[in-house]
Amino acid sequence: MLRNRVKELRARHGLSQSELGNLVGVTRQTIGFIEKGEFSPSIALSLRLAKHLQIRVDELFWLEEDLDGQT
Amino acid sequence: MDKHDFRIQFPLWNIALLSILMIWCYSVVYAADMLFNDFEGTILPNGEIHWNIFGLISFFVGFVLLIVFFVAYFLKLHRYNKEHPNNRLTAFTSMKPHEILEDDELFQQVSEKATKKVYIFYSNYLPLVILLMAFPLHRFVFIFVILLLLIIQNAIYYRHLRQYVMN
């Protein structure tokens, strides 16, 4: 499963789901589903999200099993 | 986009229209039978006219419901186009149905998954319809069953869309 820090970083930037969606060109629902880990975005959308949230893609998204391997 | 969005509700509008057509098709098939059989059995030898009361009811009820449906549909469409001037919908389309949402990659995926469910439904049930057609039933029954398949198709599609929008 793909995990992410979109919700945390969006809150840190003071953006609503709709505002972040507008910035990266997707709907509010898409941001919501990404945050819940129920939708895996394309590489292009991941890059746009990382750019607007000012973070590297691999720090924004990671695989759950990678985290399990580290612990 | 929420569950009240016209494009999300489009399969429900399709279901309403198909349900009305189910009522109406009985009289249309009956009228076609009369026309192609030169009104045999309708105009009796003594000059009396034998009315099929169910056919008449089906025609008038279906006709009134169709008018009500199209008035409501065009009002809803007009309101939607007024609220979304950059994303206007046409009343009728022969290309891409309005219920196929491609606003972004989530909705593309949702539409693809819903379409997949519909494909599986047809793969399973069309052979049964073919089997049904082997029996000497009235043409009305075949049309009714095909309309029923279309209603179920729209219901499957709407159910899938709705669960994403509700979230």
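At a glance:
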quantity: Relative contact order [Cα under 8 Å, 6+ residues apart], chain B, whole percent; calculated: 40
quantity: Solvent-accessible area per residue for the range B:6-166 (1.4 angstrom probe, square angstrom); calculated: 64
quantity: Apportionment of accessible area to carbon and sulfur, the range B:72-167, percent (1.4 Å); calculated: 63
quantity: Computed Kirkwood radius, in angstrom, where 1/r is averaged over Cα pairs of chain B; calculated: 18.5
quantity: Mean Cβ count within 10 Å, highest first, over the residues of peptides B:136-142, A:22-28, B:54-60; calculated: A:22-28, B:54-60, B:136-142
quantity: Non-local Lys pairs in the protein assembly as shown, i.e. 8 or more apart or on different chains, that have alpha carbons under 30 Å apart; calculated: 24
quantity: Where B meets A: accessible area buried, both sides, 1.4 Å probe, Å²; calculated: 900
quantity: Peptide A:27-34, shielding by other chains (average Cβ, 10 Å cutoff); calculated: 5
quantity: Computed label-point distance, nm, for sites B:R79 and B:I43 using a 7 Å Cα→Cβ extension; calculated: 4.8
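The values are calculated or read from the model by the stated rules, or taken from the named source; none is laboratory data. All figures in this text were calculated on a predicted structure; none of them were measured in a lab. Don't worry about glycine lacking a Cβ; one is built from the backbone with ideal geometry, like all the others, and counts go over all protein chains shown. These area figures cover heavy atoms from the full protein model, side chains too; ligands, DNA and RNA do not enter into them. Shrake-Rupley method; radii C 1.70, N 1.55, O 1.52, S 1.80 Å.
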